[in-house]
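Enquirer: Questions regarding the structure given below will be posed in turn.
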Amino acid sequence: INVASPRVGDPAFRKLFDTHMPSALRLVFDRDLVPGIPKLISLYEHVGHEAFIDGKGNILIDRTPIERSFVRGGDTSFSCHLIPTYENGIKAHMERKGEASFLQRINQAWEKIYEKKDDDDKDDVKGVKNYNNQKRNEGETSAAGGEEHGHERKKTTNDYPQK
């Protein structure tokens, strides 16, 4: 699945891509400016099946030329290219289809994943700090031993307090 993609290749590329990825889906929000570029239609083409979605949650798959002509919300806009716009269209579609509870479960799963990731990140930071402190303590121990035998070592950044 790709979201809001411009035309990406010439006709030969499109044919090769569609042959190897026959179920590829390209999500396009109504009035999104980016999927319409570049305008040199004969040089660049879209790949995959189009899933056209609007703000009310209506979705059309592989629109016919007539649908392309008549099913448009108005002038194109860069603001329609933003991810929240796509999220709102998908959410509206799921609510229309009675899948609001499924959407809630997805959101809860994402929240758990991100909470766990935040906890893991905090553990990673603690681990790095512990490792650095351990290495600094080892350096101080070896420095003390070396100085006892008349060897002086140069100070390093580890010898100074960390902020």
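Enquirer: Report the calculated FRET efficiency for Ala12 and Ile83 (r = Cβ-Cβ distance, R0 = 41 Å), to the nearest 0.05. Kindly include the intermediate steps, with their values, before the conclusion.
Expert: Values: r = 31 Å, r/R0 = 0.76.
Efficiency, from the Cβ-Cβ distance: 0.85.
Enquirer: When you have a sec, figure out the Kirkwood radius of segment 43-106 from all distinct Cα pair distances and drop it here in Å to one decimal? Each step should come with its number before you reach the end.
Expert: Values: mean 1/r = 0.0752 Å⁻¹.
Answer for segment 43-106: a Kirkwood hydrodynamic radius of 13.3 Å.
Enquirer: What is the sum of charges around Ser101, taking Lys and Arg as +1, Asp and Glu as -1, for the other residues whose C-beta is under 14 Å from the C-beta of Ser101?
Expert: Numbers: positive: Lys91, Arg96, Lys97, Arg105; negative: Glu95, Glu99.
Charge balance in the 14 Å sphere: +2.
Enquirer: Explain nothing, just compute: Karplus ³J(HN,Hα) = 6.51 cos²θ - 1.76 cosθ + 1.60, θ = phi - 60°, for every residue of segment 51-60 in order, whole Hz, x for Gly and Pro.
Expert: 10, 8, 10, 10, x, 8, x, 6, 10, 10
Enquirer: Ranked from the most accessible area to the least, with a 1.4 Å probe and all protein chains present, what is the order of Arg26, Arg96? All intermediate terms of the calculation are to be shown ahead of the outcome.
Expert: Numbers: Arg26 10, Arg96 140 Å².
The residues order as Arg96, Arg26, largest area first.
Enquirer: In addition: Enter the accessible area per residue of segment 9-96 (Å², integer; probe 1.4 Å; all protein chains in place).
Expert: With the other protein chains kept in place, segment 9-96 gives 63 Å² per residue.
Enquirer: Okay, next question. In sequence order, what are the phi-derived ³J(HN,Hα) couplings for segment 88-104 according to the Karplus relation 6.51 cos²θ - 1.76 cosθ + 1.60 with θ = phi - 60°, rounded to whole Hz, with x for glycine and proline?
Expert: 5, x, 5, 4, 4, 5, 5, 5, 5, 8, x, 9, 4, 5, 5, 4, 4
Enquirer: Two decimals, Cα atoms only, Kirkwood Rh: what is Rg/Rh over segment 1-48? Display every interim value, and only then the final one.
Expert: Numbers: Rg = 10.5 Å, Rh = 10.9 Å.
Taking Rh as the inverse mean 1/r over Cα pairs, Rg/Rh reads 0.96.
The values are calculated or read from the model by the stated rules, or taken from the named source; none is laboratory data. This one's a predicted model, so the numbers in the text were calculated from it and none came from an experiment. Methodologically, a virtual Cβ is constructed for each residue, glycine included, from the backbone with ideal geometry; neighbour enumeration extends over all protein chains shown. Accessible surface is based on the protein model in full, side chains and every heavy atom, while ligands, DNA and RNA are left aside. Shrake-Rupley method; radii C 1.70, N 1.55, O 1.52, S 1.80 Å.
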